[in-house]
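The values are calculated or read from the model by the stated rules, or taken from the named source; none is laboratory data. Note that the coordinates shown come from a computational prediction; the quantities given were computed from them, not determined experimentally. Cβ placement follows ideal geometry from the backbone for every residue including glycine, while neighbour counts extend to all protein chains displayed.
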């Protein structure tokens, strides 16, 4: 996941860290050293990671955009200009636009703020009461070039706690040095504190991937988060991934399809020997990767009690592919069309067909006879297959060509599809349907009723403008005076 490093460049950062020391160093110099230490750690441990560097005073300055170029990041950090008073609200507003524009609202992105505590303002924090600070999943860490006692005395510690509370209690406050440690170099104390923080919060997650008697150590990147179960009975329990990932079976990709997932991670083999001899050591993860790629299958992996994931081969180009772990929501029914994971068994356990012929009915998705009709005839919308979605879209287009006689059916199916798309978070579908209706409007024959053009234009416009109005909103037909 990407990382944002923010350095407080307000005027107070020009003060000396400790007035009593013989070698005087400013807080800003310590902050720059901390930022470089963070870059060294991330680039050595997470070579695929993107990092952005910012400085904050009354305005936010972009030192370096998201990149893997260590030299460019280091150059940007060495060119920080001191400003006036830091504005934390301006930083949150900037990050919401900056991160969402690059990575979207679903990508976790930790934010590391190196400050002396003067970045917070009690008056401005109250203006954000009732709202979360960020529009994306974020861990907010305050690395303070002050001691804990100084932060408490000036009130910054309480303000930091309030900010973390508004960030869904996700983050930490790290005082980088204590006044009792004057006998040691202040730079050495701060550097040791930063290393301790990085080893705790930004470390590689390693686990054993096993299948029967075969196993190998793998590194999961990025580090998976803890999650709660969506089930009301298990809502209070926090689940974390075990040290051993057990493969319990294999499924066809066509059976699993596209289930909802919490996050996706790369599975990288951990070599127990030196790099020169790594190619000579057999690795189960390499064998698994090749097998899944050739057989077009996925491996169902048990992550913890009542928590599963799927492992598969994913290619980002024609020549390069990776072993990927998709973490499913906590629970035994996280893929509804497969049923309860505890009820799955090898295909050889299925009863044989008495006629000896191969059954034409697929084993998945698991359905009752009540839901064997087309999706537009079901009480609920189920787009487990592409044909269901295509049928719904085609039905709307057929009704559109028969306007205004089929206005009732057209708007009924349109609102039904809109509610389903919003429920699934499929906002792109609404934009696509809107474009289709606009195209149908231009393809109407000259003999078409004038009201048909008006209704199609109205429906296309309403689909785009009402995306944020919720499921309860209903698109009504356009009132016209045609007789």
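Exactly one of (1) part of a helix (DSSP H, G or I); (2) in contact with a helix residue (DSSP H, G or I) (Cβ under 6 Å, 6 or more places away or on another chain) is unmet by residue 118. Its number?
(1)
Run down 45, 24, 85 and say which single residue is under 21 Å from residue 193 (Cα atoms) and out of contact with any strand residue (DSSP E or B) (no Cβ under 9 Å at 6 or more places or on another chain).
Exactly one residue qualifies, and that residue is 45.
Could you go through region 185-203 and let me know if any residue there is touching a residue at least 24 places away in the same chain (Cβ under 8 Å), in a strand (DSSP E or B), closer than 30 Å to residue 301 by Cα and in contact with a strand residue (DSSP E or B) (Cβ under 8 Å, 6 or more places away or on another chain).
no
Assess whether residue 241 counts as being modelled with pLDDT of 85 or more and either surrounded by fewer than 16 Cβ atoms within 10 Å (Cβ to Cβ) or assigned to a strand (DSSP E or B) (or both).
Details: modelled with pLDDT of 85 or more: yes; either surrounded by fewer than 16 Cβ atoms within 10 Å (Cβ to Cβ) or assigned to a strand (DSSP E or B) (or both): no.
No.
Give me the residue from region 450-479 that is surrounded by fewer than 15 Cβ atoms within 10 Å (Cβ to Cβ) and touching a residue at least 40 places away in the same chain (Cβ under 8 Å) and, out of that set, farthest from residue 415 (Cα to Cα).
470
Take residue 42 and tell me if it is under 25 Å from residue 171 (Cα atoms), modelled with pLDDT of 90 or more and surrounded by 18 or more Cβ atoms within 10 Å (Cβ to Cβ).
no
Residue-wise test of (1) more than 22 Å from residue 341 (Cα to Cα); (2) modelled with pLDDT of 85 or more.
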{"position": "250", "(1), (2)": "no, yes"}
{"position": "257", "(1), (2)": "no, no"}
{"position": "264", "(1), (2)": "no, yes"}
{"position": "270", "(1), (2)": "yes, no"}
{"position": "273", "(1), (2)": "yes, no"}
{"position": "279", "(1), (2)": "yes, no"}
{"position": "292", "(1), (2)": "no, yes"}
{"position": "309", "(1), (2)": "no, yes"}
{"position": "312", "(1), (2)": "no, yes"}
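Is there a residue being under 19 Å from residue 137 (Cα atoms) and either in the same structural domain as residue 220 (by TED's automatic domain parsing) or touching a strand residue (DSSP E or B) at 6+ places or on another chain (Cβ under 7 Å) (or both) anywhere in region 66-79?
Checked against the condition, which is being under 19 Å from residue 137 (Cα atoms) and either in the same structural domain as residue 220 (by TED's automatic domain parsing) or touching a strand residue (DSSP E or B) at 6+ places or on another chain (Cβ under 7 Å) (or both), region 66-79 yields at least one hit.
From (1) surrounded by fewer than 19 Cβ atoms within 10 Å (Cβ to Cβ); (2) at pLDDT 85 or above; (3) under 23 Å from residue 84 (Cα atoms), pick out the condition that doesn't hold for residue 135.
So the condition that residue 135 fails would be (3).
Being buried (at least 18 other Cβ atoms within 10 Å of the Cβ) and over 22 Å from the mean Cα position of the chain (by Cα) is the requirement here; does residue 87 meet it?
Yes, satisfied.
Out of the residues in region 455-483 meeting the condition of being part of a loop (DSSP other than H, G, I, E, B) and over 33 Å from the mean Cα position of the chain (by Cα), tell me which one is modelled with the lowest pLDDT.
483
Residues are listed down the side, and each one gets a yes or a no for (1) buried (at least 17 other Cβ atoms within 10 Å of the Cβ); (2) touching a residue at least 40 places away in the same chain (Cβ under 8 Å):
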{"position": "12", "(1), (2)": "yes, yes"}
{"position": "26", "(1), (2)": "no, no"}
{"position": "56", "(1), (2)": "yes, yes"}
{"position": "60", "(1), (2)": "yes, no"}
{"position": "70", "(1), (2)": "no, no"}
{"position": "82", "(1), (2)": "no, yes"}
{"position": "97", "(1), (2)": "no, no"}
{"position": "102", "(1), (2)": "no, yes"}
{"position": "113", "(1), (2)": "yes, yes"}
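Consider residue 298 carefully, then state whether it is touching a strand residue (DSSP E or B) at 6+ places or on another chain (Cβ under 8 Å), at pLDDT 80 or above and outside any strand (DSSP E or B).
no
Kindly indicate the residue of region 321-340 that is touching a strand residue (DSSP E or B) at 6+ places or on another chain (Cβ under 6 Å) and not in a loop (DSSP other than H, G, I, E, B) and also modelled with the lowest pLDDT among those meeting that condition.
Ranking the candidates gives 321 first.
Looking for whichever is out of contact with any helix residue (DSSP H, G or I) (no Cβ under 6 Å at 6 or more places or on another chain) and closer than 22 Å to residue 260 by Cα here; the options are 416, 461. Which one fits?
Selected residue: 416, the only one of 416, 461 that is out of contact with any helix residue (DSSP H, G or I) (no Cβ under 6 Å at 6 or more places or on another chain) and closer than 22 Å to residue 260 by Cα.
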